[in-house]
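Q: Let me begin by handing over the structure; questions about it come next.
The values are calculated or read from the model by the stated rules, or taken from the named source; none is laboratory data. Note that the structure is a prediction, hence the values are computed from the model and not measured. Positions of Cβ are backbone-derived with ideal geometry, glycine not excepted, and every protein chain shown enters the neighbour counts.
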Amino acid sequence: MRITVEATPIRPGHAAGVEAFTYGLLTGMAADPSHDLRVNVLRGTLDQWRDQVSADQIGWSEIGQPLRSDTAPGQLLRRWTPTRVRDSLAVRRAVNVVRQRSVPRQRGSDITLYPFHSAPIGPGPSVVVVHDLRHLHAAFHAPGFAAVVRENVARASALVVTWPHPYRETLRLFPEAAERTALIPTPTFQPAPARAAARPEPGLLVYPSSTAAHKNHATLLEAMASLPQCRLVCPGPLVEPEASRLLARAALPDLRGRVSFPGFVTLDELNALYARADAVVIPSLWEAASGAMLEAFSWGLPVACADAEPLLAQLEFTGAEAAVFRATEPASLAEAVQRLLADRAHYATAARHANGRLAARTWTATGGDYLDVLRWVAQGRPGPMPRSTFAAELTREEAP
C-alpha cells in the first residue's frame, strides 16, 4: 500500500498537540515495513521532522506554501487583523485557494492521510483525522474553518477521531458519516520518561499549551493575582494576538517575576518542567482531549481543570479525579488550586490511578489501527469499517 501523509499544514514548533500527534503517528505507522510511506512537509522544516521521526523508510518531500500565519509576517498580520475578518468565509476561501495551488497532485499513491482536519483535502481516496469540532459550535464559531471541516467530512473516504468526546460530537453533527467514522485513541503524547525523578517545587504550576484564545490563559493569569504563593510557567507556541496581551499582563506588578511564557520548548525542557511542577492547571475552554492532562497523569501530578465539556468527558473516560473550577471565573480557579495544594497527595494518587488506563497504549498499536483503516479505504471499503479494539475497551463498548 502506497500512503501519502499531507503534513504541510503543520509547522514544527507552532502546532502543539497536532504536531506531537503527527510525530507519534508517523513513528507508529513506520514500524510496519509492509507499506510505502511518503510525507509532504513544509519547505525548510525537513530537518525538524527528521529529528522527531527517525524512520529511514519514510520518503520526505518539502513543499512551499504561501500566506502562512505561523511566519513572522503572518504572526504580525494575525495580531492586527480582527478575528471576525480572519475567520470569515471569504478570507479563508481566498487563502485556501492560493495555498492549494502549491500542493502537488498525489501521483502514485493509493491513499492520502490528512492529519489536520481544518485544512482542505485534495481529490482521491482519503482519510481525515478529526481532532475537535469547536469551530462548529456557537461559542467558537469560525465560518471559514467550519466550511472547510464540513467539506472535508463530506469528501473524505473515511474519518478517524482521536477521543470519545469529539467522536460522539462527530456522529451527532454528521450522522451520515457514521459508517465511515472510527474512534482511534492515541497514547499520551509526551509521557514521563522511564525512571523519571520528580522533585516538586512547592507552588510551581505548569500549563503547557499554545496561546490560542480558547486555551484561556487570560482567566489563569487573573487567578494568579489571587495566588501570591504560586508561580506559573506556560510553555508552548506563542500565538497572536493573545500572546502579546498575555505577555503584557504578566509584566504588570502583581504578576511580574511569577509568570513566564518561554514559548515552544524541547521535550527535555518540558520534562524538566514536569519534574519540578507541583501541579498542572488546565483552564482550556475546549479540547479534543487535553494532552497536558494525560502528561500530568503519567507524571503522577495533581490536576486542576476547567469544567469545559470535553475536559469533564476526559476525566470520565480516564476514571480520573481533578480539582474542577468554573472555566471563566478566576476566583473559582484560584480556589481549586488552593484546594488541590491543600490535599496534594490525594490528587496525585488519583492522577497515577488515571494513568493506568492509557499507560499500555503505544504508537505502534495506534499506527496499526490507522493502517487498518487506510487499507480498508485503499481496497474500496469492503465490508464494515475496521474498529479499534482499544477504543472499544476504553469506552467500555463491545467491539464489533
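Q: Which of the residues that make up segment 250-277 are surrounded by fewer than 17 Cβ atoms within 10 Å (Cβ to Cβ) and charged (D, E, K, R)?
A: Hits for segment 250-277 are D254, R256, D268, E269, R276.
Q: A further question follows. Can you tell me which residue among L113, L136 is under 12 Å from E6 (Cα atoms) and modelled with pLDDT of 90 or more?
A: Result: L113 is the single residue among L113, L136 that is under 12 Å from E6 (Cα atoms) and modelled with pLDDT of 90 or more.
Q: What strands (runs of 3 or more DSSP E), lying completely within segment 250-358, carry at least 1 residues that are of a type in the set (F, W, Y)?
A: Here the list reads 259-263, 323-325.
Q: Could you say whether any residue in segment 356-375 is out of contact with any Asp or Glu (no Cβ under 7 Å at 6 or more places or on another chain), closer than 30 Å to R231 by Cα and free of Cβ contacts under 8 Å to residues at least 60 places away in the same chain?
A: There is at least one residue in segment 356-375 that is out of contact with any Asp or Glu (no Cβ under 7 Å at 6 or more places or on another chain), closer than 30 Å to R231 by Cα and free of Cβ contacts under 8 Å to residues at least 60 places away in the same chain.
Q: Residues that are surrounded by fewer than 18 Cβ atoms within 10 Å (Cβ to Cβ) and without any contact (Cβ under 8 Å) to a residue 60 or more places away in the chain: list the helices (runs of 4 or more DSSP H) wholly contained in segment 131-224 that include at least 3 such residues.
A: 143-155, 164-173
Q: While we're looking at this one, here's another question. In segment 333-355, how many residues are free of Cβ contacts under 8 Å to residues at least 60 places away in the same chain and in contact with a strand residue (DSSP E or B) (Cβ under 8 Å, 6 or more places away or on another chain)?
A: Summing the residues that are free of Cβ contacts under 8 Å to residues at least 60 places away in the same chain and in contact with a strand residue (DSSP E or B) (Cβ under 8 Å, 6 or more places away or on another chain) in segment 333-355 gives 4.
Q: Could we say that S126 is crowded, with 20+ Cβ neighbours inside 10 Å and touching a Gly at 6+ places or on another chain (Cβ under 9 Å) here?
A: No: the conditions fail for S126.
Every residue, every condition in (1) surrounded by fewer than 20 Cβ atoms within 10 Å (Cβ to Cβ); (2) under 21 Å from the mean Cα position of the chain (by Cα), yes or no:
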| residue | (1), (2) |
| --- | --- |
| P330 | no, no |
| A334 | no, no |
| Q338 | yes, no |
| A345 | yes, no |
| R361 | yes, yes |
| G368 | yes, yes |
| G380 | yes, no |
| M385 | yes, no |
| S388 | no, yes |
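Q: Another question about this same structure. Going by the structure shown, is P166 under 19 Å from F390 (Cα atoms), outside the structural domain of A288 (by TED's automatic domain parsing) and touching a helix residue (DSSP H, G or I) at 6+ places or on another chain (Cβ under 9 Å)?
A: In short, yes.
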